[in-house]
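Before any comments, here is the structure.
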């Protein structure tokens, strides 16, 4: 399993406060662990240095405060410093009132510019009610123009492009000092003006930052189109080089913001810290998947709490609100509490959860779940058999779950198992868990304390009653994380098996 | 004597204009070539190119060592060395191990000069990395099947173009298989390369089952007497179990046609990636036994040091490095040059 920044931090803090008291010596020791954790998360060496120095200064300065739990104090200092480094929140996109707003996307090859361009267009259409036009200014990579056209088509957003080889004829062509990419961009903006689009997104060619010639092309585009926003698209998995590329792009292009991509991988934001520290430019959005709706606004405090393993309830709730309306939510809550909850409601909720994203990602946002999830392998199909089972029930059964319980329900359960391609045991389990869930929710409803779930230990107490919760707990009680050499042995065994 | 006006005939004016035009064109061309001439000269020897690419230094860390090293290995020297190693993405664990070894050697009196400090580190790194550069496992009976995988945007398709060129240069008959049916226009991208390089390609429709495309390609490779089949796969994040399973399926389908295939499973890693590359290598090799790494984008300032822990922990060697965007920009991995570059 991977060592994310949050795990390493947790390890550091566990060790740091096992003695209970905060002394100058264990501050140093603890900060060494923090330093290691940051480096393992690919935060730049120089940024780590600065970070540690700042935290140390604040920690030592605040040690005199009496009556405050020192461990809480240093967690707060580290977290505050992370938030300060990555903040402030700023998801604004500068809008030009005189002409179409121009957004220029720049970044290294393979950072995800074209996909992000598509995501940004979708965001502007749906959240900001804009009418974007995409301009294919990547004349380098084969089929980059086609890629943008396919994206535009699926979004219903127009794409402006020119044939890469097409040179201007005659004298003007010869004397024109602008590069082709810059011309395409300028023509694209004109096209937007004429066709009533109010935002233009320029998808430029990816390049290595040290490539002077291509950097000049970008500068040309900038000079000719005067973009209102220049966004640097950056791969969240980037290592120590993040500071160099971000600095280069910022020095030459004066970027306005950063979009961090591929955060759905198991890398954890080390680059975010570095880039923000070295450019001073805000991280506007993050990309969390290949699908075009996987673009989220960047919130430093959420990122910091994710980094510190404190979960991310706010994002979870926001996601839920996107797929479930307030009215629906209220309706199902009343049914839950009044004990009228049935398999139809359950199915509806399952489908809503599916729309919110991969289960692992969602569970990871719940405080305290992060470390549990390490032991469980997620395939993304966890909910499928449950859905199949419910779909194999008759409408009557779905509305009257009691029909399935007890001896009398035996033949029904066997039929459902056959129909859904599962086993009777699985059907039994679902029915049992459904009942347990209903009972628990009913109780919670009576006490009126859904909030208790969010207190430390609340999740652990509630889990055994939730579907799959027991398995999670069992996995967790298996003890500490397996050591790396153990993994190695496993791999060796696998290889041996393969040879046989 | 004719008056000046007599020269100003229409024909003469056109002629003068043309002459001026030609002159200006030449001037522009000359100016452009001058500007172009400032570019670094083309280097053809792959070793030289690797050295050149890695030589892009990031400032005076070595100077720092030179200044701080006074025949003694103290905290300051260790600190500077640590910074060099960490900045090259070697990772904390490997860096610590290397420096512990260095301290031990110093205590034994094996290291007395600054040169010996660097020699010690370089020698250990070279030893760890050497041996596999440029060596590909070829099938006894063609076709040799090479499966290329990696995360999104790591440079798979460009690396395949380079490998194709590499084999075509050796006179091999190459077939490409465009199995990336997921990303928009990925098939077109590979198709463009196939056209440019003049090799055959089997392609699927957008959204088609990648394994079925691989199936067709294997069949075609066998029937058409191809020497090498290179299978491009869609970029996938290594923590996506479903997509990793899809990759297993592609390999499985191939085995039905060519039992000992794939002969090489090349994982393309982006040299700018940090410690996450280790997780990538782990996950990909768990799914389909990776046999070698192509380290792409090494022409930037990134040093690609994460290949050290990957070799140490997983035993996967780097076989080729990518040094640019053209098909010719591929060099066999050379441990000596690579390690020297890390300390430049």
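The numbered conditions (1) facing chain B (nearest Cβ under 10 Å); (2) surrounded by 24 or more Cβ atoms within 10 Å (Cβ to Cβ); (3) more than 21 Å from residue A:211 (Cα to Cα) are all true for residue A:241 except (3).
So which residues in segment A:109-130 are touching a strand residue (DSSP E or B) at 6+ places or on another chain (Cβ under 7 Å) and part of a loop (DSSP other than H, G, I, E, B), if there are any at all? If the condition is that a residue be touching a strand residue (DSSP E or B) at 6+ places or on another chain (Cβ under 7 Å) and part of a loop (DSSP other than H, G, I, E, B), then A:110, A:111, A:112, A:130 are the ones that fit.
Condition check ((1) more than 22 Å from residue A:257 (Cα to Cα); (2) modelled with pLDDT of 70 or more) across all residues:
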residue	(1), (2)
A:287	no, yes
A:300	no, yes
A:305	no, no
A:312	yes, no
A:315	no, no
A:322	yes, no
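Checked against (1) touching a residue at least 24 places away in the same chain (Cβ under 8 Å); (2) within 12 Å of another protein chain (Cβ to nearest Cβ); (3) surrounded by fewer than 23 Cβ atoms within 10 Å (Cβ to Cβ), residue A:277 passes all but a single condition, namely (2). Return yes when residue A:235 is crowded, with 24+ Cβ neighbours inside 10 Å and within 21 Å of residue B:154 (Cα to Cα) and no when it is not. Spelling it out, residue A:235 is indeed crowded, with 24+ Cβ neighbours inside 10 Å and within 21 Å of residue B:154 (Cα to Cα).
Of the residues making up segment A:196-211, not a single one is within 12 Å of chain B (Cβ to nearest Cβ), under 19 Å from residue A:92 (Cα atoms) and touching a strand residue (DSSP E or B) at 6+ places or on another chain (Cβ under 9 Å). When the test is whether a residue is part of a loop (DSSP other than H, G, I, E, B), at pLDDT 90 or above and either under 29 Å from residue B:206 (Cα atoms) or not assigned by TED's automatic domain parsing to the domain that holds residue A:107 (or both), residue A:157 passes it.
In the set (1) touching a strand residue (DSSP E or B) at 6+ places or on another chain (Cβ under 7 Å); (2) under 17 Å from residue B:265 (Cβ atoms), residue B:175 fails one condition alone, (2).
Checked across segment A:433-453, the condition of being crowded, with 16+ Cβ neighbours inside 10 Å and at pLDDT 80 or above holds for at least one residue. If we scan segment B:176-187, do we find a residue that is closer than 18 Å to residue B:325 by Cα, modelled with pLDDT of 90 or more, surrounded by 16 or more Cβ atoms within 10 Å (Cβ to Cβ) and away from chain A (no Cβ under 13 Å)? No, there is no match, as no residue in segment B:176-187 is closer than 18 Å to residue B:325 by Cα, modelled with pLDDT of 90 or more, surrounded by 16 or more Cβ atoms within 10 Å (Cβ to Cβ) and away from chain A (no Cβ under 13 Å). Where helices (runs of 4 or more DSSP H) fall wholly inside segment B:191-293, the ranges with 1 or more residues that are without any contact (Cβ under 8 Å) to a residue 40 or more places away in the chain and more than 12 Å from chain A (Cβ to nearest Cβ) are B:210-223, B:241-257. Scanning segment B:294-329 for residues that are buried (at least 24 other Cβ atoms within 10 Å of the Cβ) and assigned to a strand (DSSP E or B) gives B:294, B:295, B:296, B:318, B:320, B:321, B:322. Give segment B:294-329 a look and list any residue that's within 11 Å of chain A (Cβ to nearest Cβ) and within 9 Å of the chain's Cα centre (by Cα), or say none. If the condition is that a residue be within 11 Å of chain A (Cβ to nearest Cβ) and within 9 Å of the chain's Cα centre (by Cα), then B:296, B:297, B:298, B:299, B:322, B:323, B:324 are the ones that fit. Report, by residue number, each residue of segment A:244-262 that is buried (at least 24 other Cβ atoms within 10 Å of the Cβ) and within 14 Å of chain B (Cβ to nearest Cβ). Correct list: A:245, A:246, A:249, A:259, A:260, A:261, A:262.
Say whether the condition of being more than 29 Å from the chain's Cα centre (by Cα), touching a residue at least 60 places away in the same chain (Cβ under 8 Å) and more than 14 Å from chain B (Cβ to nearest Cβ) is met by at least one residue in segment A:224-237.
Taking every residue of segment A:224-237 in turn, at least one turns out to be more than 29 Å from the chain's Cα centre (by Cα), touching a residue at least 60 places away in the same chain (Cβ under 8 Å) and more than 14 Å from chain B (Cβ to nearest Cβ).
Just to be sure before I move on: is residue A:295 touching a helix residue (DSSP H, G or I) at 6+ places or on another chain (Cβ under 8 Å), within 14 Å of chain B (Cβ to nearest Cβ), modelled with pLDDT of 75 or more and closer than 30 Å to residue A:228 by Cβ in the structure I sent? For residue A:295, the condition - touching a helix residue (DSSP H, G or I) at 6+ places or on another chain (Cβ under 8 Å), within 14 Å of chain B (Cβ to nearest Cβ), modelled with pLDDT of 75 or more and closer than 30 Å to residue A:228 by Cβ - is not met. Within this structure, residue B:89 fails the test of being surrounded by fewer than 19 Cβ atoms within 10 Å (Cβ to Cβ), closer than 26 Å to residue A:35 by Cα and at pLDDT 65 or above. Identify all residues within segment B:226-242 that are surrounded by fewer than 19 Cβ atoms within 10 Å (Cβ to Cβ) and modelled with pLDDT under 95; write none if there are none. Selection gives B:241, B:242. The single condition from (1) closer than 21 Å to residue B:141 by Cα; (2) in contact with a strand residue (DSSP E or B) (Cβ under 6 Å, 6 or more places away or on another chain) that residue B:288 fails is (1).
The values are calculated or read from the model by the stated rules, or taken from the named source; none is laboratory data. What you see is a predicted model, and the numbers here were worked out from it, not measured in a lab. Every residue, glycine among them, receives a Cβ derived from its backbone with ideal geometry; neighbour counts consider all protein chains shown.
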